[in-house]
Every structure is written in structure tokens, then in C-alpha cells.
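Worksheet for the structure shown next.
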Amino acid sequence: MYLRGRMSLSDDTNAARMTRQRQYMSAFINTALSKMKSEPTLPLTVYNAVEPYTVTDLSVNEITYAVSEAVRYGFSEDSLYTVKGTQTEGSEFSEFHVDETALYELILNLFYDVIL
């Protein structure tokens with residue numbers, strides 16, 4: 001309910017739900033990274049636990065490699081980004097309208113070395 005719910009909470013906006021999801025992701029990733037330092041087989045344990053509920057074309061070796069790379073890079077909340085935009089009330093649901101210019105700038109900043 002904390003992560004997915006919004007209709008029955010006091011602040012039922014999607015922005016509030018996204019804030020809660022960021023809090024959860026940050027805590028989960030930091031805990032997982034910390035545990036992997038002492039339990040290097042943790043990714044395999046997690047994979048085996050979620051495997052019946054997931055579909056992926058990644059092999060266990062590829063997942064293990066990706067996780068080991070993630071551990072090397074580390075994590076901070078600064079690496080989570082939110083696309084700017086406006087929220088309006090539609091006829092049935094809340095609607096989010098992305099700021100196209102801000103999205104374009106975010107993509108350029110994250111994925112390209114722009115030389116001006």
C-alpha cells in the first residue's frame with residue numbers, strides 16, 4: 001500500500017506516490033549493496049526467489065555481472081531523476097504532462113557529452 005496506493009491515502013497524488021517509491025528504492029538499493037559486500041551470492045539468491053514471477057532474457061551470469069558492476073559504481077539518491085512536467089485533473093484520472101524541453105535536456109545531460 002505504501003508503494004502502490006494513492007486513492008486511499010491522505011495525499012493521493014501520483015507525485016506523493018513517486019516520492020514514496022524513491023524512498024523505498026533508495027533504502028532497498030543501499031541495503032542490498034551493503035549486504036552484497038559480505039554476501040556475494042545475494043544476487044543469485046534474489047534471482048532464485050523472484051524467478052517464478054519474472055520473465056527475462058538475461059542469464060544468471062549476465063545478472064551477476066550487472067550487479068557486480070553496480071556495486072562498483074555505488075548508488076546515491078542523486079542518481080534518481082524525475083522528469084519535469086505538470087499534473088492536471090482529467091475527466092477521470094490525474095494526468096501528467098511532460099515538459100518536452102526539460103525531458104530533452106535531461107536525456108542530453110545523462111546520455112551525451114555535449115560540447116558547446
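Helix 14-38 against the longest principal axis of the chain: what's the angle in degrees, Cα atoms only, rounded to the nearest 10? Orientation of helix 14-38: about 10 degrees from the principal axis. Here the residues Arg72, Arg20, ranked from fewest to most Cβ neighbours within 10 Å of their Cβ, fall in the order Arg72, Arg20. Computed about the Cα centre, the dipole magnitude for the chain is approximately 540 debye when only Lys and Arg (+1) and Asp and Glu (-1) carry charge, each at its Cβ.
Residues of region 81-102 falling in the label zone of Ala16, defined by backbone nitrogen less than 18 Å from a point 7 Å along Cα to beta-carbon, are 87-90, 93-96.
Which entry in (1) 2, 10, 18, 19, 15, 8, 5, 5, 4, 4, 3, 3, 2, 1, 1, 0; (2) 2, 9, 13, 14, 17, 16, 14, 11, 4, 1, 0; (3) 2, 11, 18, 20, 18, 14, 10, 5, 1 matches P(r) over Cα pairs in 5 Å bins from 0, in percent derived from the coordinates of this structure? Of the listed options (1) 2, 10, 18, 19, 15, 8, 5, 5, 4, 4, 3, 3, 2, 1, 1, 0; (2) 2, 9, 13, 14, 17, 16, 14, 11, 4, 1, 0; (3) 2, 11, 18, 20, 18, 14, 10, 5, 1, (2) comes from this structure. By the beta-carbon count within 10 Å of each Cβ, the least crowded to most crowded order of Ile29, Ile115, Ile107, fewest first, is Ile115, Ile107, Ile29. Grab the beta carbon distance between Leu110 and Leu3, set R0 = 25 Å, and tell me the FRET efficiency rounded to 0.05. Once the sixth-power term is evaluated, E becomes 0.50.
Per-residue ellipticity at 222 nm, computed for the chain from helices alone with -39500 (n - 2.57) per DSSP H run of at least four residues, works out to -17000 deg cm²/dmol. Exposed loop positions in the chain were taken to be chymotrypsin sites (Phe, Trp or Tyr not before Pro) whose DSSP state is not H, G, I, E or B and which have at most 12 other beta-carbon atoms within 10 angstrom. Between these positions, the longest stretch is 3-80.
Readers should treat all values here as calculations from the given coordinates under stated rules, not as data from a laboratory. These numbers come from a predicted model, not from an experiment. Glycine gets a Cβ as well: all are built from the backbone with ideal geometry, and neighbour counts include every protein chain shown.
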